[in-house]
Amino acid sequence: MYVYKCFLIVSKLSENRCMWFDTFMTFTENLVYTFARISVMITKHMASFHHFIVIGISYKKTDSYTRSQFQLSADAICDLYQKAALFGNAGLLVLSTCNRTELYAYNISAEWLLEQWQHIVQNNVTVLNENIYHYAGKVACSHLLRVASGLDSQILGDREIVDQVKQALSLSKSFNATNVFMERLVNIALQCSKRVKNETQLSDGTTSVAYAIVKYLKNNAPNNATKLLLLGFGSFGKSIAKNILTYMPHLDLSICNRTLDKVEDFSQYNSITPIPWEQRYQSVNDADIVIGAIGGGYQLNTDNIKTCKQRLFLDASIPSIIDKGLNKLVGQYVVDVDIISNILTESLQTRVTAVPKAITIVEATIQAFERWLLEYEQMKCIRTFKKYVLSISSKNAVGSYLFKSQIDSNINQIASKLALKIKNAPAYKGCHLLHAINEVIIF
């Protein structure tokens, strides 16, 4: 009725009926197109979810040695972001930790991601294909929220993953390799993680990998051990150092890092000895306990390690920096990150009871993200409609203010009908959309 009324006004006020008929037809076609797009979105119920995928490997199917073969170096990650940025309206997030390597993508195919990953690992393609998992759509979104909340961590409720997700998003943005969908989803995942931490006991207690190392040392360190060497001083290494100083202050802690400035700054406020990277083997041979916390694929050369004394190696690095072959040498014992993580099982009972509530929070957050995504897609349709309406209701297009006033009145009526259609949609009761529609389309 509103479109027909608009047509009558156009016809009566126009001296050139053909021109106004063409204008009316353009208006009508775009109005119908807008209704059709919104109807399709509601019927398909969030089809945009299907453009989001994740492929990866994790501790659930692979041990630390296998995972280390597929971890992506900093250079490889940057190269992936550069390539992803060329896709245009696409998004990529690379999460590479000691427990998992995952590639989250929007508008990028799983085949392309797998091809790039295979090219990087080269000789290990068969093993990668056997252990990789692939999620899409809502399942992939839920997986990201579970990861960020600590529900999918090897140590349940581990909080270190939150900073790793933030850093991954920041790096992706620096290469323009993200988009509206990806940024919104990651930010919602971080908000979900905060809710889980504040509203449940999923992260209660000291059960981080850094604390697990301390707990292992208390039970298994050689009785006469006094000298401890920490290799690596990133965020993880720093966490280990703080735990050692807090819970085992009797040990003489030395820290060796490829960048010594950070260690020297730390030594100003803590009782530790900074060791230049060039002196690492001398320090390893002098130590009773060696903890590896270095990324980037570096590995100690076993030929430079002397076996004149009993020594315990704790390898918390992915890829591993300490060759397990050292176990074959007299007095040398190597423990990897999987063994370290397993010793925390007894401390996790409280966290396990918090899992159902944490899952409920994740599910509620996904539903909120669904509502936002539907609104976002609808608003894009309405903005497109507004663009066409503005073009035909301008003074130059209609030839008189009288016509503009009358067509504006009809457009407002059409907007009301559009809002009513959305409100009565079966998928959502979209009352919260009405204010936004008024701002966008009624002028």
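Note on 231, 128, 190, 93: ascending count of other Cβ atoms within 10 Å places them as 190, 128, 93, 231, the fewest first. Measuring nothing but how far apart in sequence close Cα pairs (under 8 Å, 6+ apart) lie, relative to its length, the stretch 247-304 scores a relative contact order of 28 percent. Taking 15 Å as the cut-off, the amide N atoms of the stretch 251-286 that come nearer than this to a point 7 Å along the Cα-to-beta-carbon line of residue 304 belong to 256-259, 275-286.
Computed extension gain for residue 115 through residue 368, at 0.36 nm per residue and net of the alpha carbon distance, reaches 87.7 nm. Note on residue 252 and residue 224: the extension gain reaches 8.9 nm, defined as 0.36 nm multiplied by sequence separation minus the Cα-Cα distance.
Spin-label pair residue 129-residue 376: with each label point 7 Å from Cα along the Cα-Cβ axis, the two points sit 3.5 nm from one another.
In whole Hz and in residue order, list the ³J(HN,Hα) couplings for the stretch 249-263 that follow from phi through the Karplus curve 6.51 cos²θ - 1.76 cosθ + 1.60, θ = phi - 60°; x for Gly and Pro. In residue order, the calculated couplings are x, 6, 7, 8, 8, 10, 10, 10, 9, 5, 10, 7, 4, 5, 5 Hz. Ranked for footprinting exposure by Cβ neighbours inside 10 Å, fewest first, 250, 51, 134 give 250, 134, 51.
All of the numbers you see were taken from the coordinates with simple rules; none came from a lab. No experiment lies behind these values; they were computed from the predicted model shown. All Cβ positions, even for glycine, are placed from backbone atoms using ideal geometry, and neighbour counts span all protein chains on display.
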